Amino acid sequence: MASTQKLTLNQVNKVTQVQPAPLLKKAHQVERIFSKDFCFLMIVSFLTGIAMTTQMGTLPLFVSYLGGSKGQAGIVVGMLGISSLIFRLPVGPLLDRFGRKLVLIIGMIVMLIDFACLNYFQTVSLLIILRFVQGAGLAFSSTAITTMASDLIPSSRMAVGMSYFTISSTIAAALGPMLGLFLIMRYGFTAMFFVAVILTLLAIGLGLMIPDYYQAQLKAQPKAKADTVTERATVLKAPIVIPSLIIFMACLSYSGVATFYSQFALERHVNNIGYSFAIGSVAIILARIVYSRFLVAVKDSILLAGSILLMVASFSITAESHTLFQFLIASALLGFGFSLIMPILTAVVLKRVSPYQRGNALAVFTGATDIAVGAGAMVWGYVAGLVGFSLTFLACAAFVALALMIIFKYRQSLFE
């Protein structure tokens with residue numbers, strides 16, 4: 001009897017090792033989300049995210065400081081997205097073939113060098129070039145971070161796990177502009193770029209401590225490495241393309257408002273606009289904490305539609321805001337709305353590919369956000385130069401509302 005039981009356990013262990021997902025080492029961790037490595041990766045995501053987003057609302061001000069126009073400010077901001085898109089698609093195969101950690105460290109080193117150069121090359125033309133280099137680092141690091149997170153999250157809890165994980169990046173996106181404004185107003189632009197260097201150094205140090213479970217999985221299963229050759233054709237299908245289109249529309253609209261949010265507040269003579277970023281952060285945290293409860297009771301398609309409507313309301317209120325209180329309301333609505341769109345759509349994508357195709361799938365999906373950020377900053381910057389910020393924000397609201405038609409059409413095939 002003991003011998004039979006031992007044989008059974010060995011067979012079970014063998015089967016467990018062959019299965020590709022979740023990419024965790026211990027069977028008792030199958031349903032666990034908050035492992036040590038998952039938490040470390042969240043911190044890395046937060047550090048790199050806040051280093052990057054300190055420049056999100058402040059670079060247009062820096063361009064003005066250097067004597068540039070609104071159109072040039074849009075080009076500087078948008079160049080990050082264009083560059084990130086160019087490098088994002090080649091990153092996918094690298095992640096699936098050679099592992100996640102190497103790509104992550106390379107990306108963060110590129111960002112570190114770029115941030116350091118910002119204090120020495122301060123002309124608009126050189127700033128555009130540095131933003132292009134920065135986009136390459138972002139493409140490598142952000143895609144690797146998200147893919148590593150998906151390797152650590154059990155497939156059965158992917159939506160909730162990605163919701164928790166993206167708290168780090170979304171809080172960084174909310175706090176980064178506020179930190180950037182504080183630094184430039186108190187100490188100047190040089191201090192802001194120096195802080196970005198320090199944060200990136202910390203992220204590199206912590207990233208080196210995180211094991212690459214996917215790389216170990218490839219060594220254990222050499223055939224899986226060969227199977228990744230055909231994944232690009234596999235991921236270019238409706239279950240990947242449709243969520244990518246929706247996130248493109250949401251991020252395109254979001255970038256039009258976020259890029260010029262601080263500048264619009266100053267134009268309206270609203271002081272202490274940094275408080276609105278804090279309110280947005282609180283809304284994001286609350287939305288992500290209660291998301292697991294929503295997921296059980298409410299369908300993904302309804303959550304997505306509700307999030308889009310909150311974005312529409314936020315952009316519309318922002319366009320007509322003249323007081324700090326109005327900006328705070330708009331920021332809270334945007335925090336609740338935008339915070340759930342990314343984890344829901346990311347989970348939809350990841351559930352429809354194998355672990356050995358996640359790098360390519362996420363490269364396509366996040367590439368859509370890069371196009372949106374790049375095109376959004378430039379397109380809306382041009383529009384703002386023609387009609388002003390208020391009408392531009394209303395146009396952003398109208399554009400993101402179009403995503404509701406796509407959600408309605410594919411609500412049963414993808415989101416339910």
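Assorted remarks:
- Residue in the range 180-192 that is surrounded by fewer than 23 Cβ atoms within 10 Å (Cβ to Cβ), not hydrophobic (A, V, I, L, M, F, W, C) and not in a helix (DSSP H, G or I) present: yes
- Filtering the range 79-95 to residues that are farther than 18 Å from ARG131 by Cα and of a type in the set (Gly, Ala, Ser) leaves only GLY92.
- Residues of the range 143-179 that are surrounded by fewer than 24 Cβ atoms within 10 Å (Cβ to Cβ) and of a type in the set (Phe, Trp, Tyr): TYR164 alone.
- Selection count where residues are among the hydrophobic types (A, V, I, L, M, F, W, C), more than 18 Å from TYR65 (Cα to Cα) and modelled with pLDDT under 85, scope the range 96-138: 1
- Residues in the range 385-412 that are modelled with pLDDT under 85 and touching a helix residue (DSSP H, G or I) at 6+ places or on another chain (Cβ under 6 Å) were compared, and the one that is farthest from PRO243 (Cα to Cα) is GLY385.
- Residue pairs whose Cβ atoms lie under 6 Å apart, sitting 6 or more positions apart in sequence or on different chains, and linking a residue in the range 134-160 that is under 13 Å from GLY49 (Cα atoms) and touching a residue at least 24 places away in the same chain (Cβ under 8 Å) to a partner that is aromatic (Phe, Trp, Tyr) and part of a helix (DSSP H, G or I), are ALA139/PHE87.
- Residues satisfying the stated conditions in the range 178-187, i.e. at pLDDT below 85 and under 13 Å from PHE62 (Cα atoms): none
- Identity of the residue in the range 286-301, within 14 Å of SER339 (Cα to Cα) and surrounded by fewer than 16 Cβ atoms within 10 Å (Cβ to Cβ), that ends up modelled with the lowest pLDDT: SER292
- Residue in the range 302-315 that is at pLDDT below 80 and not charged (D, E, K, R) present: no
- Subset tally (residues that are crowded, with 24+ Cβ neighbours inside 10 Å and not aromatic (Phe, Trp, Tyr)) for the range 373-391: 6
- Of all residues in the range 374-416, those being within 22 Å of ALA313 (Cβ to Cβ), in contact with a Ser or Thr (Cβ under 7 Å, 6 or more places away or on another chain) and hydrophobic (A, V, I, L, M, F, W, C) number 11.
- Among the residues making up the range 57-100, those that are surrounded by fewer than 21 Cβ atoms within 10 Å (Cβ to Cβ) and either in contact with a Gly (Cβ under 7 Å, 6 or more places away or on another chain) or closer than 19 Å to VAL364 by Cβ (or both) are LYS70, GLY71, ILE82, ILE86, LEU89, PRO90, PRO93, LEU94, ARG97, PHE98.
- Applying the set (1) touching a Lys or Arg at 6+ places or on another chain (Cβ under 6 Å); (2) surrounded by fewer than 24 Cβ atoms within 10 Å (Cβ to Cβ) to PHE325 leaves exactly one unmet item: (1).
- Residues satisfying the criterion are absent from the range 144-164 (criterion: over 22 Å from ILE344 (Cα atoms) and either at pLDDT below 90 or of a type in the set (Phe, Trp, Tyr) (or both)).
The values are calculated or read from the model by the stated rules, or taken from the named source; none is laboratory data. These numbers were taken from a predicted model, which means no experiment stands behind them. With ideal geometry, Cβ positions are generated from the backbone for all residues, glycine too; neighbour counts draw on all protein chains shown.
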